[in-house]
Amino acid sequence: MHTDSSNITRRALVKGLGTAVVAAGTLKIATAAWHGHTLAEAFAEFFQSHYQRMTPEELQDVIHRIERGAKQRYGVNITCEHSKAETGVVFGYALNISKCKGYRDCVHACVAENNLGSDTQYIRVLEMPHGSAHLEDGNHYFSGTVPKPKHYYLPIQCMHCENPPC
């Protein structure tokens, strides 16, 4: 059967290519799972191998956006840089838990920065009774005015997997 390619719209072409990419990815994940990988391992491997890295120009645009945002929002000049990952070095970050007052600003910033939906949060804040260090005593569904008397707030962050899909 011969099809006249001049009748194919850009939308139909993009939709067809998108469907083909999803089908190929699904097949690759299913094949990997068939060969002894868990579905999660297969998905992580597929995602990592198809993750689109920023171009140097896109990276510079992001760095400049962050620097401008700090100047506009906080009135400070900052300098950001991009350095390549070093062999044997694992990424991590720290939260100063003595500064946490339960406002969940870190949670909202993480959600915004990582383009997460409202149901996905990599950071949780626990409201803890003073004197307790047991996470079971914490409440991450707290509400109302914070900080509350006789409580402290403990941010619990993502553990930065050894081989994260992100």
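The values are calculated or read from the model by the stated rules, or taken from the named source; none is laboratory data. For clarity, every value in this text was computed on a predicted model and none was experimentally measured. As a convention, Cβ positions derive from the backbone with ideal geometry for all residues, glycine included, and neighbour counts pool all protein chains shown. Ligands, DNA and RNA are excluded from the accessible area calculation, which covers all protein heavy atoms including side chains. Shrake-Rupley method; radii C 1.70, N 1.55, O 1.52, S 1.80 Å.
Step by step: first the residues of segment 49-82, then only those that are of a type in the set (A, V, I, L, M) and surrounded by 10 or more Cβ atoms within 10 Å (Cβ to Cβ), then the one that is modelled with the lowest pLDDT. Which residue is that?
Going through the qualifying residues, I end up with Met54.
For (1) at pLDDT 85 or above; (2) within 26 Å of Ile156 (Cβ to Cβ); (3) open to solvent by 90 Å² or more (accessible area, probe 1.4 Å), each residue gets a yes or a no:
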position	(1), (2), (3)
Lys84	no, no, yes
Cys110	no, yes, no
Met128	yes, yes, no
Leu135	yes, yes, yes
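Select from segment 67-81 the residues that are in a loop (DSSP other than H, G, I, E, B) and over 21 Å from the mean Cα position of the chain (by Cα) and list them in ascending order.
Passing the criteria: Gly75, Val76, Asn77, Ile78, Thr79.
Any residue in segment 134-157 that's on the phi > 0 side of the Ramachandran plot: show its pairings with residues that are surrounded by 10 or more Cβ atoms within 10 Å (Cβ to Cβ) at Cβ separation under 6 Å, as long as the two are six or more apart or on different chains.
Cβ pairs passing all conditions: none.
Output the residues belonging to segment 101-115 that are in a loop (DSSP other than H, G, I, E, B) and touching a residue at least 24 places away in the same chain (Cβ under 8 Å).
Result: Lys101, Gly102, Tyr103, Asn114.
For Ser98, are the conditions met, namely being over 19 Å from Gln157 (Cβ atoms) and either touching a residue at least 24 places away in the same chain (Cβ under 8 Å) or open to solvent by less than 90 Å² (accessible area, probe 1.4 Å) (or both)? Reasoning before the result, please.
Working: over 19 Å from Gln157 (Cβ atoms): no; either touching a residue at least 24 places away in the same chain (Cβ under 8 Å) or open to solvent by less than 90 Å² (accessible area, probe 1.4 Å) (or both): yes.
For Ser98, the condition - over 19 Å from Gln157 (Cβ atoms) and either touching a residue at least 24 places away in the same chain (Cβ under 8 Å) or open to solvent by less than 90 Å² (accessible area, probe 1.4 Å) (or both) - is not met.
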